[in-house]
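Report on the structure given below.
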Amino acid sequence: MASGINNLTDARYFAAREVEWLGFRLDGSPTATISVLAAKAIAEWVDGVKIVGEFEFADAEEIAAANDLLHFDAVRVGMFTSPNELEKLPALNFIKEVVVENTTTEAEIVGHFREYEHCCAYFLLDFTKSGIGWAMLKGGGPFTLDFLTQLFSKYQVILALDFLPDEANEVLETLQPEGLSLAGGGEEKVGFKSFDEFDAILDRLEVAV
């Protein structure tokens, strides 16, 4: 999943690299990067990808209004979106973000997943916002790899984690997530952007699968 798409250059790149989902941050939170109408215009230029609406703090009414225009394949919601809001939109396919802090416990993760499992098809387990990378996880913090592999075997988990391109195979083979989350961003100038870093990771993933 490519998240935070806000320009056609990114959208075309990730679609060409056969990324399954393109995510657009749409609500009025500080992380929002694009309007619903702009996202619709970009989505119409790419084929073969699923469209994800990303909402940090939106309520059911706002999500439904955006869905009327974009017809989401999935909706990613923020850490503090309540189950009650999601239950108002039972027809939508939800991805629930779970942000991992350095102090997060295994019990807290399990409790969060259980609270939302009845209304969410996927969970996005995000280590990047706290600067937790693959090396730290292998060192045992904030919880063990055994715990994560058990969690990933029970739920459909998309992983947001910082790792080096050479570590891609190791991450996939060890944790076996449902998918990986990559972050899009701004163009260096209109129509131009360097994708060297993404190429290094995606090339490794092509070999891995």
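A short reminder: the numbers here are calculations on the coordinates, not readings from a lab. Owing to the predicted nature of the structure, the values given are computational and were not obtained by experimental measurement. Reconstructed Cβ throughout: ideal geometry from the backbone, glycine too, with neighbour counts over all protein chains shown.
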Lysine pairs with alpha-carbon atoms under 16 Å apart, the chain, spacing 8 or more or separate chains:
4
Residue order, fewest to most surrounding Cβ atoms within 10 angstrom, among Met1, Met79
Met79, Met1
Proximal charge balance of Glu56 [Cβ under 13 Å; K/R count +1, D/E count -1]:
-3
11 Å beta-carbon shell around Ser35, net charge (K/R +1, D/E -1):
+1
What is the sum of charges, Lys and Arg at +1 and Asp and Glu at -1, for the other residues whose Cβ falls under 13 Å from the Cβ of Asp126?
-2
Please order Arg76, Arg25, Arg17 by the number of other Cβ within 10 Å, starting at the fewest.
Arg17, Arg25, Arg76
Note the full-extension length gain between Phe147 and Thr105 as 0.36 nm times their separation in residues minus their Cα-Cα distance, in nm to one decimal.
14.0 nm
Taking other Cβ within 10 Å of each residue's Cβ, how do Trp21, Trp45, Trp134 sort, fewest first?
Trp45, Trp134, Trp21
Among Leu202, Thr104, Ala15, which residue has its Cα positioned farthest towards the positive end of the charge dipole of segment 2-208, with +1 placed on the Cβ of Lys and Arg, -1 on the Cβ of Asp and Glu, and the dipole taken about the Cα centre?
Ala15
Signed unit charges on C-beta, dipole axis of the chain, positive-most listed residue Leu89, Leu164, Leu175
Leu89
When only Cα pairs under 8 Å and 6 or more residues apart are kept, what is the percent relative contact order across segment 1-61?
39
Chain lengthening between Lys138 and Ala65 when straightened (0.36 nm per residue, less Cα-Cα):
22.0 nm
